[in-house]
Every structure is written in C-alpha cells, then in structure tokens.
Amino acid sequence: MTVVAGKQQQQQPVRSTIPARLDRLIIGTLAAFLLLNTLPADTGWRMGFLVGPVLAIVILFVRRNLPESPRWLLTHGRVREAGASMRYIEDAAARDGQQLAAVPDSAAITIMPEQEYGYLTLLRLILHTYPKRAILGGTLMITQSFLYNAIFFTYSLVLTKFYHVTDNAVPLYGLAFAVGNLAGPLLLGHLFDTLGRRKMISGTYLIPGAVLAFSAWLFDAGVLNAASQTLVWIVIFFFASAGASAGYLTVSEIFPIEIRAEAIAVFFAIAQIFGATGPLLYGALTGNGSSRAGLTIGYLIGGGVMIIGGLVEVFLGINAEGKSLEQVARPLTEVGTKGGTS
C-alpha cells in the first residue's frame, strides 16, 4: 500500500518549548506550602505526596481529547483517520485565528506504511545513520538533567543549612524558583523558531552555565543571602529551563518520525541515569553546612556541564527552524529512502 504524505503538513510548524513539569512544579510547590503550614507536619507531607497522583489522573482525561498524530496514522496506513485528525487540528487552528498556508504538491512524499519499528532500528540509526545527532541529543538531555536535578533536589538543603531558612518557609522560595522556570520557556520559546535552534539552544545552555560558575564565587565569598541566592537560581533557570525544554524536543525532531517516540524515551532514560548523580553529588557536597568549599566546587562542575552542552550544540546543532519534520529527517517509510545520512 502506497500513501502520499506531505500535502496535509504545514511547512512551518509551531514548536512548543514549555515542559509539563514546570506546571507541576508550581502546583506542587504551592500545595506543599499550603499543606505544611495548615496541617500538622506528619499529615501535611503525606497529603503533599497525593498531589502527584491526582494530577496524573487529570492527565488521563486530558489525553482522551488530544487528536492522534496524522503523521503516525499515515505511517501505519490509517489514511482516513489521518485525514480526520488533520482536519480537526486545522479547524482548531483556524478558530484561533491562525492563517494556514497551503503546502505545494512538490512537498508531497510517497510512503510505504509499516506497523512498527523496534529498538534495533533505533540502534542502527544512532550508530550508523545519525551518530552526530545521537551525540547532540544525548549531550543536551544529560547535561540539563544533571543540572536541573542537582539544583532542584538540593535547594532546600542549601536554604536551611547555609541561610537558616525554616522548613515551613522553604516552599515560598521554591515557588519563586518555579515561576522563574516557567517564565523562561514562555518568554523565550518563540525565539527558537525565529532566531533559530542553534543560536537559542547554545545560548540557553552557555548563559546559565556561566552565571552558575560566577555564582559559585559569590556563594563562596558569603555575599549571598537566601533571597539573592534564590534570585541567582531564578536567572539561571530562566534560561536553562528553556534550553532544557528545547533539548527534550530536539531529540523528537532530529530522528525519523516513525522512531521519534522511542528516541525520546531512550534518551530520556539515559539522561535520568546521569541526572540521578546530581542530587547525590550536591547532597554530599552540601554536608552539614559547615563549609562552603564543597558546594562551591559543585556549582563550578554544574556550570561546566552546561557549558559543554552549549558547545556541543554550537558544533553539532541542527538548523530545524521553519522546516517540517520530514525535511529534518526523511521518514523511514518513504519510498526510496533509508531515513537520511546526516
């Protein structure tokens, strides 16, 4: 069975860079503050743990209203469903006032639907077809995961041990931290499509890396207090959260459409393995708060890690802005192609 794909795809897709975890971070932090300050301590923290599962249940209902990807449907031979899903998406965009430009016939491609591609296919693509893209995606996800987990999971220790913030007040600082995380992707997100992926991703890794390294000197010198330390974190993650979001989505757009879900899952799992070392390292370096030397080294390491991610983007980044997914990586199901060679 041969299917013509491409006529229904928009040439310049809008790219979202706001990860769902930022919304959960704000809600979770606010819930923690309210629960810890209105309920007994032994009850408040237990109720706080229930916030996560409640949100997960909500997502189950939200997911039922999301249209299936037309690309996925086409590559699996479900042409009618793909057309219906595309019309649903286009109608929703039109109701929002968006102008959808027609895609020329020359952009159409012919595909031969397949049922599925396994992890062996992904391994072949990583090792043979797209090794540079694998290095790029892996580096972006590992570096941001290390920094994010290291700072987020130990910021309360820093506040309580070095700045003597009370346990009940810690969520307030966390709320400010969370708002900064959300503001970055909201305000910078559109620039990834206008200024370009390479410039924005490298910048949102290099800038927080440099700021974190500079903040290590400020921390070691003892010139920061709880508020200014939190302000530094807000500045760092204003950029870093936008870069992290783009790092996640980079993996999903630089590999062929048939394998992108498996790619993001594999790279995410690998990143979390490395990301888990961040809290362990920073927790050990924090100690009992008697010395700033260890955590100073940790901040320098974190800054260096992000700078590495930014430099890899500079040299290996993909200029995917304004392009369809099929232009960035040729589909595996396209007749006459094996998914590209770059």
Exercise for the section: For the range 32-81, name all the residues that are farther than 30 Å from Leu332 by Cβ and basic (Lys, Arg). Expected result: Arg46
Practice task
Examine the range 86-94 for a residue that is under 26 Å from the mean Cα position of the chain (by Cα) and crowded, with 18+ Cβ neighbours inside 10 Å, and state whether such a residue exists.
Solution key: yes
Fill in the blank from the handout: Wholly inside the range 191-270, helices (runs of 4 or more DSSP H) that include 2 or more residues that are in contact with a helix residue (DSSP H, G or I) (Cβ under 7 Å, 6 or more places away or on another chain), modelled with pLDDT of 90 or more and closer than 18 Å to Thr154 by Cβ are 197-221, 226-253
Fill in the blank from the handout: Those residues of the range 59-81 which are among the basic types (Lys, Arg), assigned to a helix (DSSP H, G or I) and loosely packed, with under 10 Cβ neighbours inside 10 Å amount to Arg63, Arg80
Practice task
Mind telling me which of the residues Gly298, Gly294 ends up being surrounded by fewer than 18 Cβ atoms within 10 Å (Cβ to Cβ), in a helix (DSSP H, G or I), more than 19 Å from the chain's Cα centre (by Cα) and not hydroxyl-bearing (Ser, Thr, Tyr)?
Solution key: Gly294
Practice task
Would you be able to say whether some residue in the range 216-223 is β-branched (Val, Ile, Thr) and either over 17 Å from Tyr282 (Cβ atoms) or touching a Phe, Trp or Tyr at 6+ places or on another chain (Cβ under 8 Å) (or both)?
Solution key: yes
Practice task
For the range 104-122, state whether one or more residues are touching a strand residue (DSSP E or B) at 6+ places or on another chain (Cβ under 9 Å) and of a type outside the set (A, V, I, L, M, F, W, C).
Solution key: yes
Exercise for the section: Could you please find all residues in the range 305-327 being assigned to a helix (DSSP H, G or I), at pLDDT 90 or above and crowded, with 19+ Cβ neighbours inside 10 Å? Expected result: Val305, Met306, Ile307, Gly309, Gly310, Val312, Glu313
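The values are calculated or read from the model by the stated rules, or taken from the named source; none is laboratory data. Being a predicted model, the structure only gives us computed values, none of them experimental. Ideal geometry is used to build each Cβ from the backbone, glycine not excepted, and the neighbour counts take in all protein chains shown.
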